[in-house]
1. Calculate the spin-label point distance for ARG141 paired with LYS294, positioning each point 7 Å from the Cα along the beta-carbon direction, and give it in nanometres.
2. Any chance you could list P(r) for the range 238-369, counting all Cα-Cα pairs in 5 angstrom bins from zero, rounded to whole %?
3. Subtract the Cα-Cα distance of VAL214 and ARG32 from 0.36 nm times their separation in residues, and report this length gain in nm to one decimal.
4. In nm, what is the difference between 0.36 nm times the number of residues separating LEU156 and LEU201 and their Cα-Cα distance?
5. Which FRET efficiency value, to the nearest 0.05, do you get for ILE109 and ASP324 by plugging their Cβ-Cβ distance into 1/(1 + (r/R0)^6) with R0 = 56 Å?
6. Using a 7 Å offset from the Cα along the Cα-to-Cβ direction at both ALA352 and SER312, what is the distance between the two label points in nm, to one decimal?
Amino acid sequence: MKLRQKSYLLTVLLVAAVLYASMFFLLLPNIRTAYASAQARALGGEKALATAADRLFINIPEELRPAYARGFAIIDSEGAAFAIGYEDETWVATEPVPPRTEPGTMRWITSNGRTVLAITDSLSNGVWLRYGLDVTDEVGRTERQAIGSVLICTLLTGGIAVVLYVILERINKPVERLAHELRTPLTVIRGYGELLERAKLTPEQQHQAASYIVSESERLGEISQKLLTLADARKNVFRPERIRLSELAEHLKTAYPMLETEIEWDALTADRALLLSMLGNLIGNAVKASAPDKPVRMRATPGTIEIIDGGSGMTPEQLRYVNDPSRAKNPSIRRGLGVPLCHEIAALHGAALRYSSKEGEGTTATIRFSDFTS
């Protein structure tokens with residue numbers, strides 16, 4: 001995993017941790033308040049019933065107590081079920097009897113999708129009280145609030161992750177393009193530098209090599225500036241001029257000596273640095289795709305420039321990808337980062353880049369200019 005990918009992943013995880021922790025600490029007091037309120041209601045209701053039951057049963061003569069051996073259970077308007085009776089009662093109540101707990105304790109009991117706060121209390125004269133408060137609604141509201149908060153945090157994390165990804169792509173895309181585009185001129189500069197260092201050249205050859213080094217150095221500065229601002233200020237970086245294609249072809253041959261050219265188009269109006277970048281990418285890809293003994297050709301006719309390789313061609317699936325600028329980064333194409341960049345540069349010139357290929361017969365990249373000067 002690349003460093004920028006690790007940084008992105010760690011940043012998203014940190015954002016998620018902060019959001020979920022904040023949600024937890026904000027939600028925790030509400031949860032505590034809801035449960036404390038339910039417990040207070042249950043204790044208050046049970047205490048009131050216990051007081052009333054004590055007053056009722058304490059005045060019953062002992063000889064009449066067997067008549068009250070059968071307990072009864074009802075549900076009041078607050079959703080509280082309670083049962084009162086002696087230890088040996090037989091229940092005939094039609095209402096649900098609250099569950100029994102240890103005397104003086106409170107328990108949260110969940111059954112059949114309902115949540116009940118159950119309290120058992122021992123009264124005077126062997127009478128006991130079972131009390132159960134249905135708190136399903138309170139618990140449900142708290143659970144829904146918690147689930148809603150989790151969903152909101154998840155959506156926020158996802159949104160921040162997408163925004164961060166887009167920002168990083170906008171920052172990283174020009175840098176990747178720049179690194180890709182620097183390779184060709186740096187190769188030329190290094191090649192002619194080594195030639196000047198190791199070979200015995202005539203003064204004329206030395207001057208020509210030095211001229212190429214200066215020319216490629218200037219191109220480095222120009223193309224780096226354009227690529228770094230291409231996505232945000234297309235109009236500002238596009239500086240068209242009249243370019244003679246024969247001279248352009250000769251310049252390309254310095255970087256690609258194996259290139260064969262057929263120029264039938266005199267000149268066109270274009271941005272020199274961007275046009276050189278596009279053609280250099282297309283020729284470089286063609287050289288990589290071609291067999292060592294197969295030539296790479298550049299053919300220019302009025303309104304059209306073609307780059308023809310001597311490779312094995314592309315599959316229909318690969319061809320669909322290279323002809324779609326939004327999908328041209330597919331790693332199976334092996335045509336490099338320059339493919340989407342070439343589409344973008346062609347569009348800046350009012351042109352369209354289109355690949356045609358058959359397996360076993362090579363590939364042709366065609367640039368058609370809608371507005372050109374012959």
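Quick note: the coordinates plus some simple rules give every number you see, no bench work behind them. Predicted, not measured: the structure shown is a model, and the values here were computed from it. Every residue, glycine as well, gets a Cβ built from its backbone with ideal geometry; the counts of neighbours run over all protein chains shown.
1. About 7.5 nm separates the two model spin labels.
2. 2, 11, 22, 26, 21, 12, 5, 1
3. Working: separation 182, 0.36 × 182 = 65.52 nm, distance 7.44 nm.
Residue separation times 0.36 nm, minus the Cα-Cα distance, leaves 58.1 nm.
4. Numbers: separation 45, 0.36 × 45 = 16.20 nm, distance 6.58 nm.
Extending this stretch completely gives an extra 9.6 nm.
5. 0.35
6. 3.1 nm
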